[in-house]
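The values are calculated or read from the model by the stated rules, or taken from the named source; none is laboratory data. All of these numbers come straight from a predicted model, not from anything done at the bench. Cβ sites come from the backbone with ideal geometry, for glycine too, and all protein chains shown count toward neighbours. Keep in mind that these areas ignore ligands, DNA and RNA; they rest on the heavy atoms of the full protein, side chains included. Shrake-Rupley method; radii C 1.70, N 1.55, O 1.52, S 1.80 Å.
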Amino acid sequence: MPKAATPAFPGFVPETLKFLKALGFHQTREWFEENRALYVSAVKEPLEAYVAALSVACATQKLPLKGDPKKATFRLNRDVRFSKNKQPYKTNAGCVVTRTGGKGSPGLLYTHISPEGCFLAAGFYHPEPPQLLAMRKAIVAKRAAWLTIESKLKEAGLVLSTNEALKRNPRDFQDADEKLWPALRARNFIIRKPITDKLILDGPKLVAAAAEFGKATLPLLKFGWAAMD
């Protein structure tokens, strides 16, 4: 039986960012339902087609990343139960590809579509405490390998985010090599790369850029997977 054709992904459309921007002003279920058709055509369907196309691109480049178009995208509905911000909808769209294809799998390639700025991100976001400890132990135990990864990423213009970093070394790592301090203080191991609003309108170029970014950040992902597995 022939394989099913991958859904075409010509790119997002100008209405994608316009819809998300308007949603920021109209945070009501009534407005959303009135504009649901636009949400489907401008956000939901392009995002799912993008996940399918990116999964194929990753497989072609032998990147161990994939996503189910129906499960790898994030809902617009916000969980407001424990948040001071009670707005019911996010004003951005996002999706991930991971080793398993599920959103909960550690180590990801994330795409963020927003009128406030689009970007790609890769790495480990908010790893669980045992995973974070395993990562820190691996950084110390494999010092040379980790510093090589940092150096190669820096040469490529990619730097680990310092967002949410600790101000001091964790308790069990106070005597670590000073060169390792930034990594040991990290709570996330994430690299971000901005992408232009123009790029998201060109599907093939966006998919190629995301796959290339995934390839550039693969050493970080492999290091984390080895540590956390």
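So the values come out like this:
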read-out: Filter result for PHE74 (over 30 Å from ALA22 (Cα atoms) and under 14 Å from the mean Cα position of the chain (by Cα)); value: no
read-out: Output for the range 172-229, where each listed residue is under 23 Å from ALA52 (Cβ atoms), open to solvent by 50 Å² or more (accessible area, probe 1.4 Å) and assigned to a helix (DSSP H, G or I); value: LEU201, PRO204, LYS205, ALA208, GLU212, LYS215
read-out: Members of the range 87-106 found to be out of contact with any strand residue (DSSP E or B) (no Cβ under 8 Å at 6 or more places or on another chain) and within 24 Å of LYS18 (Cβ to Cβ), listed by number; value: GLN87, THR91
read-out: Unmet criterion (only one of (1) closer than 27 Å to VAL51 by Cβ; (2) buried (at least 19 other Cβ atoms within 10 Å of the Cβ); (3) in contact with a helix residue (DSSP H, G or I) (Cβ under 8 Å, 6 or more places away or on another chain)) for ARG136; value: (1)
read-out: Leading residue by the ranking (least open to solvent (accessible area, probe 1.4 Å)) among those in the range 35-64 that are in contact with a strand residue (DSSP E or B) (Cβ under 8 Å, 6 or more places away or on another chain) and within 14 Å of LEU23 (Cβ to Cβ); value: VAL43
read-out: Those helices (runs of 4 or more DSSP H) lying entirely in the range 22-123 with at least 2 residues of a type outside the set (Ser, Thr, Tyr) and touching a Pro at 6+ places or on another chain (Cβ under 9 Å); value: 29-34, 45-60
read-out: Cβ pairs under 8 Å, 6+ apart, first in the range 207-229 and within 13 Å of ILE191 (Cα to Cα) and without any contact (Cβ under 8 Å) to a residue 24 or more places away in the chain, second hydrophobic (A, V, I, L, M, F, W, C) and open to solvent by 20 Å² or more (accessible area, probe 1.4 Å); value: none
read-out: Verdict on ALA122 being crowded, with 18+ Cβ neighbours inside 10 Å and in contact with a Ser or Thr (Cβ under 8 Å, 6 or more places away or on another chain); value: yes
